[in-house]
Amino acid sequence: DQLDVVNVLAQKCIEISKHDWDIFEDSWDFQRHPLLVHKDGSSLEQAFNNWSDFAEEQFQRLKANEEELNRIFIEIYGLQDELTPEVADEDITIRRADRERDVRSFISYAVGCMFGRYSLDEEGLVFAGGEFDLGRYKSFPVVEDNILTILDDEYFENDIVTRFIDFVRVAFGPEMLEENLEFIADSLNRSASETARETIRKYFLRDFYKDHTRIYKKRPIYWLFSSPDGTFNCLIYMHRYDRDTISRIRTDYLLPFQDKLAAEEMQLRQLLTTDLTAREKNAANKRLGEIDKAMSELSKYQELIHNLANKREEIDLDDGVVVNHAKFQNVLAKIR
């Protein structure tokens, strides 16, 4: 009976489309990133290829079902002379695999695991407010103080690049870590002279937050505290914000970062008193100029952070992102 066939095909189309919607984190029913769902060993590239094959199969299945439905309705209504059952690829609404997009979304999932929004030990959303339980993150521990630094080098243990590399090591095992980092870097517009780690750091410094605000439609759940020229940056997860978060940013990261730069400046000045080549002298002076500029920028930013820390501002998650984000807009990166 044709009605039964139509119902079965329509149901299959709905299931395929729903599965497609749920594989990325902007879905309420998101469970786990597709590169982890489809891994069968230590290779991230192999996981991507498995995911790509699966997505292509789903795409072709949906297309065949839609064309079969078209055939049935064309026949029922006698429209053979006016319509054809074929469906163009661009009219199929589910996604095929896309290496750059899927690696970027994998990085986003990793950051979610760092903050405890997700966990490698559980499927779906693990924390979005309420009582935070560190015990739900055994395989890959979360960042306990809810602060991840994004700086031009690994100045702190909570450096986002260091934590991301740890995530890849835990999720895919240590055996192919370097190959997996190469695969990630090659997916991120890597330039010829860069190491994999340099490319990943450049992505976090330049593009991660843009991607995040786009995925969450200018309602970011991770907030980027950023000095005016971007010398100092750190991320927090708004659902884990508390009244002392700003104070911790200042005392545990911003002030020590200023101290580290001051120590580097002193070393360079001592170095310039020794016997250097012209090239070494130029490099040292150039770096001193950069540090001087950075120190001036951070000094002003530190004042803003200090004032805000003293306020111990509260947020109410029920007020939504826009209202809460606005309370800190002087010290946060603009939402573009």
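The values are calculated or read from the model by the stated rules, or taken from the named source; none is laboratory data. The shown structure was predicted, so the numbers you read here are calculated from the model rather than taken from an experiment. Note that we place each Cβ from the backbone using ideal geometry, even for glycine, and neighbour counts take in every protein chain shown. Only protein heavy atoms, including side chains, enter the accessible area calculation; ligands, DNA and RNA are left aside. Shrake-Rupley method; radii C 1.70, N 1.55, O 1.52, S 1.80 Å.
General observations
- Looking across segment 155-188, not a single residue is in a loop (DSSP other than H, G, I, E, B), charged (D, E, K, R) and surrounded by 15 or more Cβ atoms within 10 Å (Cβ to Cβ).
- Residue within segment 72-91 that is within 30 Å of H239 (Cα to Cα), in contact (Cβ under 8 Å) with a residue 40 or more places away in the chain and surrounded by fewer than 20 Cβ atoms within 10 Å (Cβ to Cβ) present: no
- Residue match in segment 53-68 (condition: more than 20 Å from S105 (Cα to Cα), open to solvent by 90 Å² or more (accessible area, probe 1.4 Å) and polar (S, T, N, Q)): no
- Residues located in segment 310-331, provided they are of a type in the set (A, V, I, L, M, F, W, C) and over 16 Å from R240 (Cβ atoms): V322, V323, A326, V331
- Residues that are aliphatic (A, V, I, L, M) and either over 21 Å from R61 (Cα atoms) or in contact with a Phe, Trp or Tyr (Cβ under 7 Å, 6 or more places away or on another chain) (or both), drawn from segment 72-82: I76, L79
- Some residue of segment 38-45 being buried (at least 18 other Cβ atoms within 10 Å of the Cβ), out of contact with any strand residue (DSSP E or B) (no Cβ under 7 Å at 6 or more places or on another chain) and without any contact (Cβ under 8 Å) to a residue 40 or more places away in the chain: yes
- Candidate set from segment 190-209 (those that are touching a Ser or Thr at 6+ places or on another chain (Cβ under 8 Å) and part of a loop (DSSP other than H, G, I, E, B)); member that is surrounded by the most Cβ atoms within 10 Å (Cβ to Cβ): R190
Conditions tested, residue by residue: (1) of a type outside the set (A, V, I, L, M); (2) within 30 Å of A171 (Cβ to Cβ).
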| position | (1), (2) |
| --- | --- |
| L9 | no, no |
| I23 | no, yes |
| L36 | no, yes |
| E45 | yes, yes |
| D53 | yes, yes |
| L62 | no, yes |
| I74 | no, no |
| L83 | no, no |
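- Here E25 meets the list (1) under 24 Å from the mean Cα position of the chain (by Cα); (2) open to solvent by 30 Å² or more (accessible area, probe 1.4 Å); (3) charged (D, E, K, R) almost entirely, failing just condition (2).
- First in segment 189-218 and more than 17 Å from E178 (Cβ to Cβ) and among the basic types (K, R), second anywhere and part of a loop (DSSP other than H, G, I, E, B) and open to solvent by 50 Å² or more (accessible area, probe 1.4 Å), Cβ under 6 Å, 6 or more apart: K218/I335
- Residues that are under 19 Å from F232 (Cβ atoms), in contact (Cβ under 8 Å) with a residue 24 or more places away in the chain and not polar (S, T, N, Q), drawn from segment 297-324: E297, L298, K300, Y301, L304, I305, H306, L308, A309
- Test: residue in segment 155-169 that is out of contact with any Pro (no Cβ under 6 Å at 6 or more places or on another chain) and more than 25 Å from A333 (Cβ to Cβ): yes
- Test: residue in segment 83-96 that is within 19 Å of the chain's Cα centre (by Cα) and under 30 Å from R201 (Cβ atoms): no
- The condition of being in contact with a Lys or Arg (Cβ under 8 Å, 6 or more places away or on another chain) and either part of a helix (DSSP H, G or I) or surrounded by 16 or more Cβ atoms within 10 Å (Cβ to Cβ) (or both) holds for F48.
- Of the residues making up segment 98-117, those that are assigned to a loop (DSSP other than H, G, I, E, B) and touching a residue at least 60 places away in the same chain (Cβ under 8 Å) are G116, R117.
- The set of residues in segment 270-302 being among the aliphatic types (A, V, I, L, M) and closer than 30 Å to N330 by Cα consists of L288, I291, A294, M295, L298.
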